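*Asks:* This is the structure I want to talk about, given as structure tokens.
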Amino acid sequence: MTLSRRHFLTLLPAALGAGVWLKAAAQSEGSIMTVTGAISPYMLGPVLPHEHIMVDFAGADKITPGRYQEEEVFNTVLPYLKSLRAAGCKTMGECTPNFLGRDPLLLKRLSIASGLTIITNTGLYGAGAHKYLPAYVQTSTAEELAAMWIKEFRDGIGDTDIRPGFIKSGVDKGPLTESQRKLVHAAALTNKETGLAIWIHTGDGAAALEEAEIIQSNGGRIASYTWVHAQNEKDLSIHEKLAKAGAFISLDGLSQNSAEDYISRLSFMKNKGLLQQVLLSHDAGWYHVGEPGGGKFRDYNFLWTSFIPMLKEKGFTEEDIRRLTVINPSRALTIHPPARKLLAMPS
Ligand SMILES: [Zn+2]
């Protein structure tokens, strides 16, 4: 009996069991970890890679889970997520790190209620002059920090079964402090062990160059590295240099005010043949813990309702837009199986 390829693919999951099928797919082409479990990189759809649902700026020494009412946050944020879903976005990278208000159970509830795929993170944020770093960072080695982040990926965050989909760290302008260098080193070790992507909030281009050097010299993949807030750097030769090396350049403060500047930066990258290394997002939201009603909430819709039409008017093609909103974020979030695991796979 001969089967058409399509027919064969229809039968395969039933014959093998969907779990085996998904595992094989994950091993060959990587996977994406969402707050509701692992999915194929092809299932992300249009993505906002850098947004926030809730942030608490109290500082690592003061932050506690009891500082907000979960129901109030849920009810405040849900309409914005539904509106974003209706505008055509399917997935959000939620970039709030641990000790700044990361709440994986809240994200999972909101993901299920809104229909939006949400991805959370592991890691520690060393920008803001270390205000958001717990005291143990000072006395821990990079290996010890990496072990905590790897454990979150393997076993789930805290006592949940929710796993991070990327590493989120943060540093100020270069040169990096000793603790910030340690965080980037720990991120490289975590990437090497798990394949999780490394996203770093970065003060300027000098810091980004230092991050790339630390990641590579500690066995991390440069193609797993995203330079977050690359719009902070005016010297576009640094964007060009790091994009050519394989890093992702995240322009993630998009708003009405920054739109013209973003179009000129995107035109620069397109002319250099580097549009495939660029990510776009608003860094919007969010429920501000400690402010009445969560303070002023910025919605997530500008990219979909206003900026894409502006890009088209400036000559960006449908393919360019698909690259920026679908393909690039999927590549930047894909968990690549470490080479030694691939070598150990039966052939
Ligand atoms: Zn942010």
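The values are calculated or read from the model by the stated rules, or taken from the named source; none is laboratory data. What you are looking at is a predicted structure, and each value in this text was computed from that prediction instead of being measured. Heads up, the Cβs are rebuilt from the backbone with ideal geometry, glycines too, and the neighbour counts pull from every protein chain shown. Keep in mind that these areas ignore ligands, DNA and RNA; they rest on the heavy atoms of the full protein, side chains included. Shrake-Rupley method; radii C 1.70, N 1.55, O 1.52, S 1.80 Å.
*Asks:* Taking 2.2 N^0.38 Å as the expected size of a compact globular protein, what ratio does the Cα radius of gyration of region 253-347 give against it, to two decimals? Each step should come with its number before you reach the end.
*Replies:* Values: Rg = 18.0 Å, N = 95, 2.2 N^0.38 = 12.4 Å.
That works out to 1.45 for region 253-347.
*Asks:* Over the heavy atoms of LEU236, what accessible area does a 1.4 Å probe trace out, to the nearest 10 Å²?
*Replies:* 40
*Asks:* Between GLU213 and THR141, what FRET efficiency comes out of the Förster formula 1/(1 + (r/R0)^6) with R0 = 25 Å and r the beta carbon distance, rounded to 0.05? Don't skip to the end; give the middle numbers.
*Replies:* Values: r = 19 Å, r/R0 = 0.77.
The computed FRET efficiency comes out at 0.80.
*Asks:* Peptides 111-120, 172-181: what's the order by average Cβ count within 10 Å, highest mean first? Don't jump to the answer; show the numbers that get you there.
*Replies:* On the way: 111-120: 20.6, 172-181: 16.0.
Sorting 111-120, 172-181 by mean packing, highest first, produces 111-120, 172-181.
*Asks:* State to the nearest 20 debye the size of the charge dipole of the chain about its Cα centre, where the only charges are +1 on K and R beta carbons and -1 on D and E beta carbons. Can you show the working numbers first?
*Replies:* Details: 36 positive and 35 negative charges, 221 e Å.
For this selection, approximately 1060 debye.
*Asks:* Just want to confirm a number: the relative contact order over the chain, from Cα pairs under 8 angstrom separated by 6+ residues, in percent.
*Replies:* On the way: 655 pairs, mean separation 68.9, N = 347.
After rounding, I find 20 percent.
*Asks:* For the residue pair LYS312 and ASP61, what label-to-label distance in nm results when each label sits 7 Å from Cα along the Cα-to-beta-carbon direction?
*Replies:* Computed distance between label sites LYS312 and ASP61 equals 5.3 nm.
*Asks:* Given axes a ≥ b ≥ c from the Cα gyration tensor, I'd like to know whether the chain is rounded (a/c under 1.5), prolate (a/b larger than b/c) or oblate. Don't jump to the answer; show the numbers that get you there.
*Replies:* On the way: a/c = 1.19, a/b = 1.13, b/c = 1.06.
Rounded shape, in that the Cα axes give a/c under 1.5.
*Asks:* So for region 219-347, averaging the separation of alpha carbon pairs under 8 Å that are six or more residues apart and normalising by length, what relative contact order in percent results?
*Replies:* Working: 134 pairs, mean separation 28.3, N = 129.
22 percent.
*Asks:* Something else now. What fraction of the DSSP beta bridges in the chain is antiparallel, stated in percent and rounded to the nearest 5?
*Replies:* About 15 percent, rounded to the nearest 5.
*Asks:* Here is a follow-up. Give me the dipole magnitude in Debye, nearest 20, for region 231-325 about the Cα centre, with unit charges on the beta carbon: positive for Lys and Arg, negative for Asp and Glu.
*Replies:* On the way: 12 positive and 13 negative charges, 52 e Å.
Dipole about the Cα centre, nearest 20: 240 debye.
*Asks:* Once you sort the root eigenvalues of the Cα gyration tensor of region 184-338 as a ≥ b ≥ c, which label holds: rounded (a/c under 1.5), prolate (a/b larger than b/c) or oblate (the other case)?
*Replies:* Values: a/c = 1.74, a/b = 1.23, b/c = 1.42.
The shape class here is oblate.
*Asks:* Per residue, how many Å² of accessible area does the chain show with a 1.4 Å probe?
*Replies:* For the chain, the solvent-accessible area averages 44 Å² per residue.
*Asks:* Could you state the number of Å between the C-alpha centres of region 277-304 and region 315-337?
*Replies:* 21
*Asks:* Separate question: Mind checking which of LEU236, VAL77, LEU324 is farthest towards the positive end of region 64-344's charge dipole, using Cβ charges of +1 (Lys, Arg) and -1 (Asp, Glu) about the Cα centre?
*Replies:* Result: LEU324.
*Asks:* On to the next question. Test of understanding: what is the full-extension gain from LYS131 to ALA113, defined as 0.36 nm times their sequence separation minus their Cα-Cα distance?
*Replies:* Numbers: separation 18, 0.36 × 18 = 6.48 nm, distance 3.32 nm.
Residue separation times 0.36 nm, minus the Cα-Cα distance, leaves 3.2 nm.
*Asks:* I've got another one for you. Using only the Cα atoms of region 217-299, build the gyration tensor, take square roots of its eigenvalues as a ≥ b ≥ c, and label the shape rounded, prolate or oblate: rounded if a/c is under 1.5, else prolate if a/b is larger than b/c, else oblate.
*Replies:* Numbers: a/c = 3.16, a/b = 1.60, b/c = 1.97.
Verdict is oblate for region 217-299.
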